[in-house]
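I have placed the structure first, in the form of structure tokens, so that the comments after it can refer back to it.
Nothing in this text is a laboratory measurement; each read-out follows from the coordinates by a stated rule. Not measured: the values here are computed from a predicted model. Ideal geometry is used to build each Cβ from the backbone, glycine not excepted, and the neighbour counts take in all protein chains shown.
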């Protein structure tokens with residue numbers, strides 16, 4: 001029955017010139033950067049740990065949180081086995097393995113990520129990276145690269161320089177460039193009396209961090225903006241306008257996080273504008289609920305619009321898609337699987353739209369047919385094609401993956 005449904009679906013799409021087999025071939029080459037921090041509630045493995053800070057909050061206490069690097073990698077392997085395609089894993093600096101030695105963040109070296117690299121090689125994965133500029137005594141007041149204390153600011157500059165070197169190491173070892181992304185929590189809870197000076201310091205810090213050229217064959221630099229956060233409700237130093245200007249001027253990748261803008265503002269509308277000026281863009285896809293709350297990605301309208309903007313503008317090789325959510329109220333492996341499968345599902349949905357024809361309708365002013373077709377395609381037999389794609393990629397079809405997660409929970413997670 002499933003094959004019959006797929007065969008009929010293929011015929012429906014082929015009437016519009018959409019070759020489903022070619023779509024499958026194209027989609028399987030897309031790699032999503034899956035964030036490691038969903039598996040351990042953004043705890044990391046530092047010997048000297050600080051409380052989670054920087055506007056980041058993880059709620060819930062579902063059993064089975066990863067407590068060690070080995071457990072986290074084991075959980076990632078399980079999640080990846082249920083997700084179609086070959087993907088990447090995104091690390092934060094706080095996931096270094098120092099063998100019980102206290103290593104300050106500005107002293108981190110590639111060797112502390114050797115186990116991650118060996119694991120990535122074994123599984124054919126790429127790695128991405130982020131300096132960790134939160135949950136630290138030198139970020140306790142919510143300021144890092146814009147800090148008025150020069151000693152503290154230089155500490156974070158050194159940390160980001162070290163992080164770029166780690167990214168370069170990943171790229172050299174794995175044969176695929178590492179995206180090293182800088183995000184900072186810097187800002188003020190109440191109305192600032194001076195917005196310019198902190199931004200001047202941030203710009204100077206970034207200039208120092210990026211002073212040394214690193215071959216983009218190995219490491220690609222990105223900067224990530226934010227509107228507001230807990231503790232920085234009134235002012236964030238690294239705003240959209242600040243980082244957009246900095247990235248354009250300094251030829252860095254600009255990273256858009258779906259939760260870092262006004263509640264009614266969408267990043268799908270920004271992608272086409274930025275593609276005019278940037279060779280590459282990066283995304284952190286999450287789901288804000290009223291604010292930047294990093295809920296698990298669902299197959300909603302904005303996710304589909306993001307995918308459509310990437311696909312119909314032929315930007316799959318220009319937009320680096322990463323995920324960024326964390327939920328401790330549900331099974332953490334299920335969260336990875338749900339969110340990543342939905343991102344891939346949205347890309348498939350976009351590839352199964354008659355995008356070129358819809359563009360022609362718009363250019364000719366035929367808005368009636370454009371709207372009619374967009375709405376009709378929402379109920380085309382997309383589900384049958386998604387099922388066939390999962391089968392084609394050798395992963396569970398529909399909700400059957402959930403049984404494997406339940407089994408893993410009983411046999412592994414609840415014994416921790």
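Determine the calculated [θ] at 222 nm for the chain from helices alone, applying -39500 (n - 2.57) to every DSSP H run no shorter than 4 residues and normalising by the residue count; nearest 500 deg cm²/dmol.
Mean residue ellipticity, 222 nm, calculated: -13000 deg cm²/dmol.
Could you give me D for region 34-149, from Stokes-Einstein at 10 °C and 1.306 mPa s, where the hydrodynamic radius is the Kirkwood radius over C-alpha pairs? Units µm² s⁻¹, please.
Translational D for this selection: 104 µm²/s.
Which order do the peptides 127-136, 261-270 come out in when sorted by mean C-beta neighbours inside 10 angstrom, highest first?
127-136, 261-270
GNM, the chain, Cα, under 10 Å: largest mean-square fluctuation among 216, 376, 305?
Taking springs between Cα atoms under 10 Å, the residue moving most is 376.
How long are the three semi-axes of the equivalent ellipsoid for region 358-416, computed from the Cα gyration tensor as the root of 5 times each eigenvalue, in whole Å, largest first?
43, 12, 9
Rounded to the nearest 0.05, what FRET efficiency do residue 397 and residue 195 have when you use their Cβ-Cβ distance and R0 = 51 Å?
Step by step, r from the Cβ atoms, then E = 0.45.
Which of the peptides 41-47, 364-370, 234-240 is most tightly packed, and how do the rest follow, judged by the mean count of other Cβ atoms within 10 Å per residue?
Answer by packing, highest mean first, reads 234-240, 41-47, 364-370.
Does region 246-376 come out rounded, prolate or oblate, given a ≥ b ≥ c as the square roots of the eigenvalues of its C-alpha gyration tensor, rounded meaning a/c under 1.5 and, failing that, prolate meaning a/b above b/c?
oblate
For a quick check, take a GNM of the chain with Cα springs below 10 Å and name the residue from 165, 252, 406 with the largest mean-square fluctuation.
Result: 406 has the largest fluctuation of those listed.
Compare 206, 196, 244 in a GNM of the chain, Cα atoms joined below 10 Å, and give the one with the largest fluctuation.
For the chain, modelled as a Gaussian network with Cα springs under 10 Å, the answer is 196.
Is region 124-222 rounded, prolate or oblate when judged by the Cα gyration tensor, a ≥ b ≥ c being the square roots of its eigenvalues, rounded requiring a/c under 1.5 and prolate requiring a/b larger than b/c?
Prolate shape, in that a/c is at least 1.5 and a/b is the bigger ratio.
Using the per-residue mean of other Cβ atoms lying within 10 Å as a proxy for protection, in what order, highest first, do the peptides 319-330, 114-125, 287-298 fall?
So the peptides 319-330, 114-125, 287-298, ranked by packing, come out 319-330, 287-298, 114-125.
Going by alpha carbons, how many degrees (0 to 90, nearest 10) lie between the helix axis of 2-14 and the longest principal axis of the chain?
Helix 2-14 and the main axis of the chain meet at about 90 degrees.
Using only Cα atoms and rounding to the nearest 10 degrees, what angle (0 to 90) does helix 382-392 make with the longest principal axis of the chain?
70
Compute the acute angle (0 to 90°) between the alpha-carbon long axis of helix 301-312 and the principal axis of greatest extent of the alpha-carbon atoms of the chain; round to the nearest 10°.
In the chain, helix 301-312 runs at an angle near 80 degrees to the longest axis.
Give me log10 I(q)/I(0) at q = 0.30 Å⁻¹ for region 346-391, Debye formula, one equal scatterer per alpha-carbon, no solvent.
-1.08
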